[in-house]
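Presented below is the structure to which this report refers.
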Amino acid sequence: MIIGMSFTRTVALSLAGVVTTLAAFVTPATAAEPPPEFDFSDCPELPSGADPAQWRCEVLVSTATLSFGALDDVHVRPMRLTFAERWTGGPYEQEFGALRSEPTPLPGLPATTVSFRYGGYSDFQSDDERKGEIDLVAALDGPLLPRDCAIGTQADPIHSVLKQTGPTEVVSNEPLVLRFATIDDQLAMPAVSGCGPWRRMLDHRLGLPSASGDNVLEQETYVAIRHYG
């Protein structure tokens, strides 16, 4: 099952908006691997009175490799982030649509998966230091685990600050599809919560909590853009 969460946020500048603005300066893609299919069904409704000609929807599809605590090189299955941005005709605005994450099996924990959910904060205003940042909760699912079992909580989430590695590539111009890679080698992984009698066992098996500097999240992201009007 794919997990989703919707919310609204206005920021000064979006991650994908910056990428799009720089499209004229980036390199063409050279890899033969085709881009993923993009689902625009989570594109949010625009604010009341918004001019559709000033807005576009952006869908980011990412795969990742995550090393944390006692686990190395966990291949995270696709995550999809969807939002709308006002990119012309006035102050920049953003309406967030959804974050969806496919369940990823956890090594050493049979029949147990992890899925990422929105943790209550994001800011994709890019600068010289980082590409963007987001809070996440890693939901754990298994035959004996309570429904709310997770790594992190809304109050103590996984805070990820993304830094781009390498160039942005133009995969397609019609529709516009871009690709880039990011890394976060400073994220901290909190202890599990809501896991009932399995809490200590899970923390021990996963090596949690794990301090900043001991964990690495590497992502490859494709972003597709569709105009509202």
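The values are calculated or read from the model by the stated rules, or taken from the named source; none is laboratory data. Bear in mind the structure is a predicted one, so any value in this text is a computation, not a measurement. Cβ placement follows ideal geometry from the backbone for every residue including glycine, while neighbour counts extend to all protein chains displayed.
Over 22 Å from Pro107 (Cβ atoms), in contact with a strand residue (DSSP E or B) (Cβ under 9 Å, 6 or more places away or on another chain) and either of a type in the set (Lys, Arg) or buried (at least 18 other Cβ atoms within 10 Å of the Cβ) (or both), is that true of Arg199?
When the stated conditions are applied, Arg199 does not pass them.
On inspection, Asp184 qualifies as within 30 Å of Cys43 (Cβ to Cβ) and without any contact (Cβ under 8 Å) to a residue 40 or more places away in the chain. When you scan segment 84-103, how many residues do you find that are of a type outside the set (Gly, Ala, Ser), buried (at least 20 other Cβ atoms within 10 Å of the Cβ) and under 21 Å from Pro157 (Cα atoms)? Total meeting the criteria: 3. So, of the residues in segment 14-73 that are in contact with a Leu (Cβ under 8 Å, 6 or more places away or on another chain) and assigned to a loop (DSSP other than H, G, I, E, B), which turns out to be modelled with the lowest pLDDT? So the residue we want is Val26. Inspect all residues belonging to segment 87-102 and state whether any of them is free of Cβ contacts under 8 Å to residues at least 24 places away in the same chain, among the charged types (D, E, K, R) and farther than 17 Å from Glu218 by Cα. No, because not a single residue in segment 87-102 is free of Cβ contacts under 8 Å to residues at least 24 places away in the same chain, among the charged types (D, E, K, R) and farther than 17 Å from Glu218 by Cα. In segment 183-196, the qualifying residues are those that are over 16 Å from Gly108 (Cβ atoms) and either in contact with a Gly (Cβ under 8 Å, 6 or more places away or on another chain) or aromatic (Phe, Trp, Tyr) (or both), and the one that is surrounded by the most Cβ atoms within 10 Å (Cβ to Cβ) is Pro190. Answer yes or no: is there a residue in segment 123-137 that is within 22 Å of Phe68 (Cα to Cα), crowded, with 18+ Cβ neighbours inside 10 Å and of a type in the set (S, T, N, Q). No: segment 123-137 contains no residue that is within 22 Å of Phe68 (Cα to Cα), crowded, with 18+ Cβ neighbours inside 10 Å and of a type in the set (S, T, N, Q). Could you check how many residues of segment 150-167 are farther than 20 Å from Asp184 by Cα and touching a Ser or Thr at 6+ places or on another chain (Cβ under 8 Å)? Residues flagged as farther than 20 Å from Asp184 by Cα and touching a Ser or Thr at 6+ places or on another chain (Cβ under 8 Å) within segment 150-167 amount to 1.
The C-beta contact set for segment 120-134 (first residue of a type in the set (Gly, Ala, Ser), second residue assigned to a loop (DSSP other than H, G, I, E, B) and modelled with pLDDT of 80 or more, distance under 8 angstrom, 6+ apart or interchain) comprises Gly120/Gln154; Gly120/Pro157.
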